[in-house]
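Chemist: Below is one structure. I have some questions about it.
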Amino acid sequence: MFQAKRLVLAHFWVAFIAFLGALVLGAWQMYVRSPLSTWVNNPEHYYRSVTAHGTVMAYVLPTLIAMGFGYAITELALKRPLLGVKWAWGGFWLVIAGTAIAAVTMGMGKASVLYTFYPPMIASPFYYLGVVLVVVGSWVWVALMAINLRAWKKENPGASVPLAMFGNVAGAYLWAWTSVGAAVEVLVLILPASLGLTDTINAGLARVLFSWTLHAIVYFWLMPTYIVFYTIVPRAIGGRLYSDTMGRVAFVLFLVFSMPIGIHHLFADPQVGAGFKFVHAAMTAMVSVPTLLTVFTIVASVEIAAKLRGGKGLFGWVKALPWDNPMMLAVTFSFIMLGFGGAGGIINMSYQLNETIHNTQWVTGHFHLIFAGAIVLMYFMLA
Amino acid sequence: MSAASPSSAPPDHASEAVSVAAERRWAYIVMAIIAVLILMMVFTGLHWASMPPSRVETVDIKTLHIKGEFVESNLGTALGSDGKVTVRLIAQQYSFVPQCIVVPADMPVTFRGTASDAIHGFIIGRTNVNTMLIPGFVATFTTIFPRAGEQLMPCHEYCGTGHEAMWARVQVLPTAEFLSKARGGERLSCVPS
C-alpha cells in the first residue's frame, strides 16, 4: 500500500496552488507591458464612449421605450386600433436613422462632446443631425398620441380617460414642450456654428436653452415608469390602485412643474441672475410633490394587496406580499433607489447646498440611482 | 375617487372616507415639507447671505487677452489698496492661468474668472469653492479659506480630450505671511517674485 499518499498530495497541492498564483501574475505582467492595454487608457476613446453612453441612455433608450409603450397603451387602454400606424413606423425609422447617423459620427471620433454638447465645443454636424432626427421621430409620436386621444374622446363623450392614457398623453405633451429648448439650441446656435456659418456662439445662452430640456427630460424618462406604478403594479401583485385621482394629479403636476426648473443645473453659472436661480430652486422643490404623492399612493396600493392576501399589523403586512412575483421585487428595488436618488435630489436643488456638490460625482450618483435604479428597472418590467 | 373603485372593490363609504382622509393628511405633510425646505432656502439666503454666485457680468471674448481686466499681467492674486484680496484667473484648454494660486487664510477672497475657449469650471479641494467659467461671462464669488495648506483645483466641466489633466493648485498661506508677500500691489502666484 502506498503509505505516503497524503504527504505526496500535500506537496503537489501547495505546488499547484502557488503555480496558479504565479500564472495569474505572469499573465498580468504580460498584459501591462504589451500594447494590448494602451487603448483602454486613451482619453479620447474614453470621452467618445461617454458621449455614446449618454446619447443612447438619455435620448435613444427612453424615447423608444416611451414611444413603444405609448402605442401599446393607446391600443390596450383605449381598446381601439392605433390611428396612423404608417406615421408611427415613419417616426420609428426616423429615430433609427438618427441613431445610426449619430452612432457612426461618434464612432469615428467626430463628436466627443458628451450628450450635453455644451458649445463652444463643436462636433461634426452629422451628430446633431442624428439627435435632431431622433427628436423629430418622437414628435410624430406626440402628434399621434394627441390624435388618438381626440378620436377616442369623440367616440366616448363624457367618459373619463383611462389613467394609463392620461399619463401617456401628459408625458407626450411634457416631451413636446421640453424638447423645444435643446431643439432651439441645436438649430439656432450649434448647427450654424458646426456648419461654419457663424464663428462665435453665446455659450451662456446655449447652456440656458439646454437646461430647459435637461431637467424636464428626466420626467419624460420617468413617465412610463410612473404609468407602470399606477396601472400595472397594483394589478400584477393582486391588489388595486389606492387612488386614481392622485395618479392624475401627479401626472398633471409633472406636466406643470417640470418646466421652470432647469436652471437648478446652472446655480454655479455666471450668466443667470439670483432671481431666476431662486425661482427654479423653489419650483424644483415643488416638482418633488408628485413623486411624494406617488410614493404614498403606490405603497398604499401595495398594502391593499398585502391585506387582501391576509397580511396583518402596522408593518407585518410586508411579509404577506407576493415576493416571488418579479413585479413585486422590481417595484421594491425601484422605490428604494428612488428614495436614495430623491433624497440626494433635494440637496441638488437646494439653492445653497448645491454649491457643495455641483459637478462632482455626487451628481452622477444621483441621476444613476434615479435613471438606472428607478426608471430603467421598470422599463424592463413594462416590456 | 369614484373612478378609482373598480368592480373588485364594492363601494364602502366608511373605508372610502378613511382613505380620502389619509390621502389628504399626506398631501398636507408633503406641502409642509416643501414649505419648510423653501423657507430654509429663504432664511439662509437672506440671513447668512448664502446664495449661489449670480452676478451677471459679461466680458468681450475677442479682446480678453489684449485689454481690460484679464490681460496676463493682471492675472493672479492682488491685495487692493482697500485691503481686499482679489484673484483673477482664466481657464483655457487645458490649463488655468495662473497654474498655482496664492490666497490668505481667514480673509475674504474674491475670485473673478472667465474662460477663453470652451466652458470650464473648478472646485477647490474640500472647500465650497465651486463655479462655472463660461466664455463671455465673468464668474465672481467671495469665500474664506479657514485653513492654511495646499489644495487641488481640478477643472470640473468636460472641456475636451485633455479635460482630465486640467488642474491648478491653491496655496493657502497664513494671513501674516500672505500680507508680507502681497505688499506693493503686485500680482501674486506661487512663482517666487
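Chemist: Among the residues of segment A:237-288, what is the count of those that are within 11 Å of chain B (Cβ to nearest Cβ) and in a loop (DSSP other than H, G, I, E, B)?
Modeler: Result for segment A:237-288: 13.
Conditions tested, residue by residue: (1) of a type outside the set (Ser, Thr, Tyr); (2) in a helix (DSSP H, G or I).
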position: A:Ala52; (1), (2): yes, yes
position: A:Met67; (1), (2): yes, yes
position: A:Thr99; (1), (2): no, yes
position: A:Thr105; (1), (2): no, yes
position: A:Ser112; (1), (2): no, no
position: A:Phe117; (1), (2): yes, no
position: A:Pro120; (1), (2): yes, no
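Chemist: Cβ contacts < 9 Å: first residue without any contact (Cβ under 8 Å) to a residue 24 or more places away in the chain and more than 8 Å from chain B (Cβ to nearest Cβ), restricted to segment A:103-126; second residue aromatic (Phe, Trp, Tyr) and surrounded by 20 or more Cβ atoms within 10 Å (Cβ to Cβ), any location; separation 6+ or different chain. Result?
Modeler: A:Lys110/A:Tyr127
Chemist: Yes or no: segment A:46-64 includes at least one residue that is within 14 Å of chain B (Cβ to nearest Cβ), modelled with pLDDT under 95, farther than 23 Å from A:Leu133 by Cα and surrounded by fewer than 19 Cβ atoms within 10 Å (Cβ to Cβ).
Modeler: yes
Chemist: Of (1) more than 26 Å from A:Tyr118 (Cα to Cα); (2) outside any strand (DSSP E or B); (3) within 14 Å of another protein chain (Cβ to nearest Cβ), B:Thr142 satisfies all except one. Which?
Modeler: Exception for B:Thr142: condition (2).
Chemist: Please go through (1) within 9 Å of chain A (Cβ to nearest Cβ); (2) closer than 28 Å to A:Arg48 by Cα; (3) of a type in the set (Val, Ile, Thr); (4) free of Cβ contacts under 8 Å to residues at least 60 places away in the same chain for B:Val129 and return the number of the only condition it doesn't satisfy.
Modeler: Every condition holds for B:Val129 apart from (2).
Chemist: Further, regarding this structure: Give segment A:305-326 a look and list any residue that's within 16 Å of A:Arg235 (Cβ to Cβ) and buried (at least 18 other Cβ atoms within 10 Å of the Cβ), or say none.
Modeler: A:Ala305, A:Ala306, A:Leu321
Chemist: Checking the structure you have, find out if any residue of segment A:336-353 is crowded, with 18+ Cβ neighbours inside 10 Å, touching a strand residue (DSSP E or B) at 6+ places or on another chain (Cβ under 6 Å) and outside any helix (DSSP H, G or I).
Modeler: no
Chemist: Determine the pairs where a residue that is small (Gly, Ala, Ser), located within segment B:40-63, has a partner that is surrounded by fewer than 14 Cβ atoms within 10 Å (Cβ to Cβ) with Cβ atoms under 6 Å apart, the partner being 6 or more residues away or on another chain.
Modeler: If the second residue must be surrounded by fewer than 14 Cβ atoms within 10 Å (Cβ to Cβ), the pairs left are B:Ser54/A:Gly273.
Chemist: Could you pull out the residue among A:Leu209, A:Leu187, A:Leu174 that is within 14 Å of another protein chain (Cβ to nearest Cβ), in a helix (DSSP H, G or I) and either free of Cβ contacts under 8 Å to residues at least 12 places away in the same chain or among the hydrophobic types (A, V, I, L, M, F, W, C) (or both)? Show your work before the answer.
Modeler: Values: A:Leu187 fails: within 14 Å of another protein chain (Cβ to nearest Cβ); A:Leu174 fails: within 14 Å of another protein chain (Cβ to nearest Cβ).
Going through A:Leu209, A:Leu187, A:Leu174 in turn, just one is within 14 Å of another protein chain (Cβ to nearest Cβ), in a helix (DSSP H, G or I) and either free of Cβ contacts under 8 Å to residues at least 12 places away in the same chain or among the hydrophobic types (A, V, I, L, M, F, W, C) (or both): A:Leu209.
Chemist: Within segment A:358-383, can you find the residues that are surrounded by fewer than 19 Cβ atoms within 10 Å (Cβ to Cβ) and within 14 Å of chain B (Cβ to nearest Cβ)?
Modeler: Those that are surrounded by fewer than 19 Cβ atoms within 10 Å (Cβ to Cβ) and within 14 Å of chain B (Cβ to nearest Cβ): A:Thr360, A:Gln361, A:Trp362, A:Val363, A:Thr364.
Chemist: Can we say B:Thr114 is of a type outside the set (D, E, K, R) and either within 19 Å of A:Glu355 (Cα to Cα) or within 12 Å of chain A (Cβ to nearest Cβ) (or both)? Explain how you work it out, then say what you get.
Modeler: Working: of a type outside the set (D, E, K, R): yes; either within 19 Å of A:Glu355 (Cα to Cα) or within 12 Å of chain A (Cβ to nearest Cβ) (or both): yes.
So B:Thr114 passes the test.
Chemist: So B:Ile134 clears everything in (1) facing chain A (nearest Cβ under 9 Å); (2) of a type in the set (A, V, I, L, M); (3) touching a residue at least 24 places away in the same chain (Cβ under 8 Å) except one condition, right? Which one?
Modeler: Going through (1) facing chain A (nearest Cβ under 9 Å); (2) of a type in the set (A, V, I, L, M); (3) touching a residue at least 24 places away in the same chain (Cβ under 8 Å) one by one, B:Ile134 breaks only (3).
Chemist: Which one is farthest from the other protein chains (Cβ to nearest Cβ) among residues in segment B:145-173 that are in a loop (DSSP other than H, G, I, E, B) and among the small types (Gly, Ala, Ser)?
Modeler: Start the filter on segment B:145-173 by keeping residues that are in a loop (DSSP other than H, G, I, E, B), which leaves B:146-148, B:156-160, B:166.
Still in the list and also among the small types (Gly, Ala, Ser): B:148, B:160.
Values: B:Ala148: 21, B:Gly160: 6 Å.
Filtering segment B:145-173 for residues that are in a loop (DSSP other than H, G, I, E, B) and among the small types (Gly, Ala, Ser), the one farthest from the other protein chains (Cβ to nearest Cβ) comes out as B:Ala148.
Chemist: Cβ-Cβ below 6 Å, separation at least six or inter-chain, first residue in segment B:24-37 and at the interface with chain A (Cβ under 7 Å from one of its Cβ atoms) and closer than 19 Å to A:Asp244 by Cβ, second of a type outside the set (Ser, Thr, Tyr) and crowded, with 17+ Cβ neighbours inside 10 Å: which pairs?
Modeler: B:Trp26/A:Phe296; B:Val30/A:Val289; B:Val30/A:Leu292
Chemist: Now, a different point. With (1) modelled with pLDDT under 95; (2) among the β-branched types (Val, Ile, Thr); (3) surrounded by 16 or more Cβ atoms within 10 Å (Cβ to Cβ) as the list, and B:Val191 as the residue in question, which single condition is left unmet?
Modeler: (3)
Chemist: Taking interchain pairs and intrachain pairs at least six residues apart, which have beta carbon atoms under 8 angstrom, with the first residue in segment B:147-158 and surrounded by fewer than 17 Cβ atoms within 10 Å (Cβ to Cβ) and the second in a loop (DSSP other than H, G, I, E, B) and of a type in the set (A, V, I, L, M)?
Modeler: B:Leu152/B:Ile124
Chemist: Of everything in segment B:63-85 that's modelled with pLDDT of 90 or more and charged (D, E, K, R), which residue is nearest to B:Asn128 (Cα to Cα)?
Modeler: It comes out as B:Lys84.
Chemist: Take B:Glu177 and tell me if it is assigned to a helix (DSSP H, G or I) and either more than 10 Å from chain A (Cβ to nearest Cβ) or touching a residue at least 40 places away in the same chain (Cβ under 8 Å) (or both). Write out each step before concluding.
Modeler: Working: assigned to a helix (DSSP H, G or I): yes; either more than 10 Å from chain A (Cβ to nearest Cβ) or touching a residue at least 40 places away in the same chain (Cβ under 8 Å) (or both): yes.
Yes; evaluated as a whole, the condition is true for this residue.
The values are calculated or read from the model by the stated rules, or taken from the named source; none is laboratory data. Remember, predicted model here, so these are calculated numbers, not experimental data. For neighbour counting, all protein chains shown are included, and Cβ atoms are generated from backbone atoms with ideal geometry for every residue, glycine included.
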